[in-house]
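Notes follow once the structure below has been shown.
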Amino acid sequence: VGPKKEVAECKEKFANSMDPTVSQTFMLDRVFNPEGKSLPPMRGFKYSSWSPLGCDANGRCLLAALTMDNRLTIHANLNRLQWVQLVDLTEVYGERLYEASYKLAKSDAPRGELGDFSEFQRRHSMQTPVRMEWSGICTTQQVKHNNECRDVGSVLLAVLFENSSIAVWQFQLPFLGKESITSCNTIESGINSPSVLSWWEYEHNNRKMSGLIVGSAFGPVKILPVNLKAVKGYFTLRQPVVLWQEMDQLPVHSIKCIPLYHPYQKCSCSLVVAARGPYVFWCLLLISKAGLNVHNSHVTGLHSLPIVSMTADKQNGTVYTCSSDGKVRQLIPIFTDLALKFEHQLIKLSEVFGSVRTHGIAVSPCGAYLAVVTTEGMTNGLHPVNKNYQVQFVTLKTFEEAAAQLLESSVQNLFRQVDLTDLVRWKILKDKHIPQFLQEALDKKIESCGSTYFWRFKLFLLRILYQSMQKAPSEVMWRPSHEDAKILISDSPGMGSTEDDQEEGTSKQGSKQSLCDTGKGTDVDDAAEDSLPQSSEVGGREPMEEKLLEIQAQIEAVEMHLTREHMKRVLGEVYLHTWITENTSIPTRGVCDFLMSDDGYDDRTAQVLIGHILKKMNKQTFPEHCSLCKEILPFTDRKQAVCSNGHIWLRCFLTYQSCQSLVYRRCLLHDSIARHPTPEDPEWIKRLLQGPCTFCDSPVF
């Protein structure tokens with residue numbers, strides 16, 4: 001809010017002011033006094049918001065976090081299990097305001113000095129975030145040095161401040177830090193005491209419209225237009241649209257915007273729902289020839305206490321609300337000729353978890369799970385002494401519904417539907433077999449369509465089946481083992497039985513006991529099935545081993561099919577982007593020979609492509625060489641390259657080059673190895689290296 005020395009002097013002046021309206025207001029406001037002296041420290045987070053998928057360098061989400069001391073930062077998961085702060089937006093916005101003399105517009109009249117308490121408050125309120133929300137990914141045009149235009153992805157982050165102004169940040173993707181900030185525009189909302197913010201995104205006749213929905217602690221809700229330059233196919237409203245104007249003192253707690261299709265009007269529409277006290281306010285927005293049609297109303301009789309959290313499944317428009325007494329309501333929108341109505345049913349968490357208090361809910365991306373934050377409820381009319389916060393998961397779909405949704409998915413990416421695949425995984429692990437209907441439906445899809453997505457889904461099912469049939473490990477996997485050191489001591493001459501050996505024996509017994517105790521919680525049938533292979537050494541184990549070998553062979557066959565399909569894609573890129581006898585760093589000749597080495601592989605497309613590439617290569621081979629001994633690295637294995645001197649290098653699964661460096665990347669499920677792009681790589685190789693895992697669709701770290 002000003003130079004450090006001047007701010008410190010002003011704080012001292014206001015704290016010791018003889019006017020109690022100044023001194024008490026200053027001392028009790030934690031925005032001015034984050035340290036608080038005798039008050040508890042401001043630790044933790046007020047709010048967090050996830051960006052859409054595809055915003056960071058790995059194609060995953062960014063996290064915008066607002067701390068209790070009103071600092072807004074953006075974080076990214078750049079390395080596995082490691083979160084990094086990319087930018088402090090509070091600091092950047094403060095610098096911009098300082099350069100503009102704390103004026104939001106150039107035409108604003110100059111304000112007072114920092115020593116004036118009202119100016120001190122104004123400068124803080126214009127930098128104190130209340131909420132922030134991400135928009136969807138949009139496309140902007142960037143002009144190169146040679147006057148060519150290229151499409152660049154960008155994302156917007158809207159930040160609502162205490163003084164009712166909204167800062168709209170525009171970031172270039174992938175977001176790397178401060179240098180990725182394209183612009184920052186501040187707009188006035190005109191809402192008193194703003195409490196919540198959400199993006200309104202609507203698609204009509206292939207034209208994307210956007211705006212910002214702002215709610216007030218006094219009750220009103222309205223949509224504001226957001227004007228953006230150089231965004232392809234982007235439109236906004238001409239003027240603000242008031243959705244609810246009554247100052248009825250029902251604070252707006254949460255707003256969700258759901259895109260839907262109107263079956264009667266035969267067009268897309270937008271459903272806005274807002275939690276206001278114990279009620280749900282809804283508004284249906286529909287664009288027709290007459291203009292923007294707005295239908296709104298309230299859903300009452302849902303909760304006896306105020307709604308503390310609201311979430312929505314954007315796939316089918318179902319809305320979930322919860323109050324602190326452990327009651328969750330499911331609201332299903334049903335369209336009528338003109339607008340819509342809601343059917344709602346009660347989900348009593350007390351029947352599942354016992355007496356609980358609920359603090360928040362969230363639905364998973366594909367609607368498979370509802371996550372609920374709970375603490376213990378009252379027992380015998382008494383509150384618990386300590387609060388233990390837990391995240392509980394409630395399944396919202398059956399296994400059959402999840403499997404059907406995966407088979408008919410338009411996304412065709414297993415990583416983006418991980419909540420659905422988790423339901424399928426749980427079912428197969430429990431039953432130890434793939435249901436017949438799923439196997440048949442998947443085989444039909446593979447025969448009729450042949451998309452690699454269904455092959456990856458089949459690979460996922462086979463791997464889970466293989467995992468379900470393996471024996472449970474005799475020891476806990478995460479516990480460190482020190483047996484090697486103890487074996488060396490006991491094997492050394494002149495050493496008898498020591499206390500260490502006795503302790504080792506007791507610890508082993510203890511670990512076995514704990515495993516048995518945990519096993520008691522499983523079903524009796526599962527325990528009986530697990531004990532079958534162990535009970536009969538000859539009769540039971542051999543069929544199980546044969547079954548495992550059969551599944552392993554199927555897994556290898558599916559992996560080989562996916563590898564060949566990706567090899568064809570890589571060879572296609574090589575053919576399109578190379579001249580005659582050009583040496584690329586990709587082992588083109590080795591990949592061609594590997595594809596044609598199997599006599600049983602009869603793919604006309606691959607044969608024609610390889611024929612064109614070999615004609616282009618003009619008898620050149622361009623083999624890879626070992627960086628240690630300069631010997632040729634033959635292409636005999638898709639996973640690794642071994643030179644004649646025995647040096648082993650892992651192969652990149654995206655380009656099939658050998659990773660001859662100490663640093664490489666792995667996919668999220670540790671399926672595959674990929675190399676890092678280098679500055680000398682052409683654009684098409686860098687594009688190949690940005691792809692996900694060819695086996696599980698996971699991003700690569």
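Screening residue 375 with (1) of a type outside the set (A, V, I, L, M, F, W, C); (2) more than 30 Å from residue 697 (Cα to Cα); (3) open to solvent by 30 Å² or more (accessible area, probe 1.4 Å) gives one miss only, at (3). Looking at the stretch 78-195, the strands (runs of 3 or more DSSP E) lying wholly inside it that each contain 3 or more residues that are surrounded by fewer than 17 Cβ atoms within 10 Å (Cβ to Cβ) sit at 82-88, 138-143, 149-161, 181-188. With respect to the conditions (1) open to solvent by 50 Å² or more (accessible area, probe 1.4 Å); (2) over 15 Å from residue 255 (Cβ atoms); (3) in a strand (DSSP E or B), residue 287 lacks only one, and its number is (1). Candidates in the stretch 33-77 are the residues that are more than 21 Å from residue 172 (Cα to Cα), in a loop (DSSP other than H, G, I, E, B) and touching a residue at least 24 places away in the same chain (Cβ under 8 Å); of these, the one that is most open to solvent (accessible area, probe 1.4 Å) is 43.
For the stretch 380-407, the tally of residues that are open to solvent by less than 100 Å² (accessible area, probe 1.4 Å) and part of a loop (DSSP other than H, G, I, E, B) stands at 6. Annotation: of all residues in the stretch 652-697 being small (Gly, Ala, Ser) and modelled with pLDDT under 90, the one that is most open to solvent (accessible area, probe 1.4 Å) is 661. For the structure I just gave you, tell me whether residue 580 is open to solvent by 80 Å² or more (accessible area, probe 1.4 Å) and in contact with a helix residue (DSSP H, G or I) (Cβ under 6 Å, 6 or more places away or on another chain). When the stated conditions are applied, residue 580 passes them.
If the condition is being in a helix (DSSP H, G or I) and farther than 16 Å from residue 554 by Cβ, then the stretch 437-458 contributes 437, 441, 444, 445, 447, 448, 452, 453. Against the list (1) in contact (Cβ under 8 Å) with a residue 60 or more places away in the chain; (2) of a type outside the set (S, T, N, Q); (3) open to solvent by 30 Å² or more (accessible area, probe 1.4 Å), the condition residue 591 fails is (3). Looking only at residues in the stretch 222-271 that are of a type in the set (A, V, I, L, M, F, W, C) and part of a loop (DSSP other than H, G, I, E, B), the one that is farthest from the chain's Cα centre (by Cα) is 247.
Every test in (1) within 30 Å of residue 263 (Cα to Cα); (2) under 20 Å from the mean Cα position of the chain (by Cα); (3) free of Cβ contacts under 8 Å to residues at least 24 places away in the same chain is passed by residue 391 save one, and that test is (1). Going by what's in this entry, would residue 647 be described as under 29 Å from the mean Cα position of the chain (by Cα) and over 16 Å from residue 564 (Cα atoms)? Criteria not met by residue 647. Listed by position, the strands (runs of 3 or more DSSP E) contained in the stretch 295-335 that have at least 1 residues being open to solvent by 20 Å² or more (accessible area, probe 1.4 Å) and closer than 22 Å to residue 197 by Cα are 307-312.
Checking residue 202 against (1) assigned to a strand (DSSP E or B); (2) free of Cβ contacts under 8 Å to residues at least 40 places away in the same chain; (3) within 29 Å of residue 153 (Cα to Cα): exactly one of these is not met. Which one? Tallying (1) assigned to a strand (DSSP E or B); (2) free of Cβ contacts under 8 Å to residues at least 40 places away in the same chain; (3) within 29 Å of residue 153 (Cα to Cα), residue 202 fails exactly one: (2). Given the residues 180, 189, which is the only one that is farther than 20 Å from residue 252 by Cβ and of a type outside the set (D, E, K, R)? Within the list 180, 189, the selection yields 180. Within the stretch 411-455, being buried (at least 20 other Cβ atoms within 10 Å of the Cβ), under 20 Å from residue 560 (Cβ atoms) and under 23 Å from the mean Cα position of the chain (by Cα) holds for 414, 454. All of (1) at pLDDT 90 or above; (2) touching a Pro at 6+ places or on another chain (Cβ under 6 Å) hold for residue 567 with one exception: (2). In the stretch 617-644, the residue that is farthest from residue 566 (Cα to Cα) out of those that are touching a residue at least 12 places away in the same chain (Cβ under 8 Å) and of a type in the set (A, V, I, L, M) is 628. Within the stretch 397-412, residues that are closer than 21 Å to residue 692 by Cβ and free of Cβ contacts under 8 Å to residues at least 60 places away in the same chain sit with their Cβ atoms under 9 Å from residues that are part of a loop (DSSP other than H, G, I, E, B) and among the basic types (Lys, Arg), at 6+ positions apart or across chains, in these pairs: 405/397. Within the stretch 417-428, residues that are under 13 Å from residue 365 (Cα atoms) reach partners that are β-branched (Val, Ile, Thr) and surrounded by fewer than 21 Cβ atoms within 10 Å (Cβ to Cβ) with beta carbons closer than 8 Å, at six or more positions or on different chains, in the pairs 417/411.
The values are calculated or read from the model by the stated rules, or taken from the named source; none is laboratory data. Note that the coordinates shown come from a computational prediction; the quantities given were computed from them, not determined experimentally. Cβ: placed from backbone, ideal geometry, glycine included. Neighbour counts: every protein chain shown. Side chains are part of the model used for accessible areas, which takes the heavy atoms of the whole protein and leaves out ligands, DNA and RNA. Shrake-Rupley method; radii C 1.70, N 1.55, O 1.52, S 1.80 Å.
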